[in-house]
Amino acid sequence: MTTQHVFYIPTVFLLGFVFGIIFSENKLLRSANNSDGSSPDRMSKNKLLYTFLIFILVFIITHLFEIPWGSKQVSSLLNGQEIFDKKPLFSSDEVYTKIGTFSEEGLKVYQRFTYTVDIVFPTSFFVFLLTFAQFVAYRIKKSKLINRIITGLPTLWLITDLLENLIIYIILSNYPTRYDFLGRIIGVVSVIKFTLLFYSIITPVIFWIMSKRNTSNLYIN
């Protein structure tokens, strides 16, 4: 299992579970209040659902099908080797040894991948993560600092993702010229990226669950 799958597959199941609770709860509240569901809260939940479905659709298209300049096509043209963020390397020699095994066509397609498909997917994920963070931040009773952390994490993740793409593009487009510093840090950037992604997902989920528990305790007491 690649590093991407370790994050993305559990993410889909976790968020699917959370959304199931959110929308089931919303349905019960509408039934109890005899509401037609046209409130601003309902519209906010619909926006969250739409951004999630768009993310899932983009994920399926870009990761499960061999589309032009997609990760599957890149791996295929690299003789089955994984792209750098799926299997991070932490030394310049390892990076350039791996690049030396790439075919000329694979090298060119990998370059295009860094500024096409590998921009589209993170962007769709970012829009969803930011919407989810704002959804949670609006509903929990926390300080402005906590809300800024929750909503700021997706932006930090996207910045590191784009930085990773830029580094890979510079390395590939200038090969065989070596950029040893970039070769040494590319694996570190990938690890930071996935760490920020993890916290971008789990932080709003935890605060949302905590807020629901606090609300439930108030009703019980």
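The values are calculated or read from the model by the stated rules, or taken from the named source; none is laboratory data. None of these values were measured; they are calculated from a predicted model. Neighbour counts run over all protein chains shown; Cβ positions are idealised from the backbone, glycine included. The accessibility values were calculated without ligands, DNA or RNA, using every heavy atom of the protein model including side chains. Shrake-Rupley method; radii C 1.70, N 1.55, O 1.52, S 1.80 Å.
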### Summary
When L129 is run through (1) over 15 Å from I67 (Cα atoms); (2) open to solvent by 10 Å² or more (accessible area, probe 1.4 Å), the failure sits at (2)
### Task
Give F102, F65 a once-over and let me know the one that is more than 25 Å from the chain's Cα centre (by Cα) and either open to solvent by 60 Å² or more (accessible area, probe 1.4 Å) or more than 22 Å from K193 (Cα to Cα) (or both).
F102
### Message
From the list V95, V109, V127, V74, exactly one residue is part of a helix (DSSP H, G or I), hydrophobic (A, V, I, L, M, F, W, C) and in contact with a Ser or Thr (Cβ under 7 Å, 6 or more places away or on another chain). Which is it?
### Response
V127
### Query
Which ones in segment 42-62 are touching a helix residue (DSSP H, G or I) at 6+ places or on another chain (Cβ under 8 Å) and either open to solvent by less than 60 Å² (accessible area, probe 1.4 Å) or at pLDDT below 75 (or both)?
R42, S44, K45, L48, L49, T51, F52, F55, I56, V58, F59, T62
### Message
Would you confirm, using the coordinates I've provided, whether K212 is under 30 Å from L78 (Cβ atoms), open to solvent by less than 80 Å² (accessible area, probe 1.4 Å), assigned to a helix (DSSP H, G or I) and modelled with pLDDT under 95?
### Response
no
### Summary
Note on D118: of the conditions (1) out of contact with any Leu (no Cβ under 8 Å at 6 or more places or on another chain); (2) crowded, with 20+ Cβ neighbours inside 10 Å; (3) farther than 17 Å from F55 by Cα, unmet is (3)
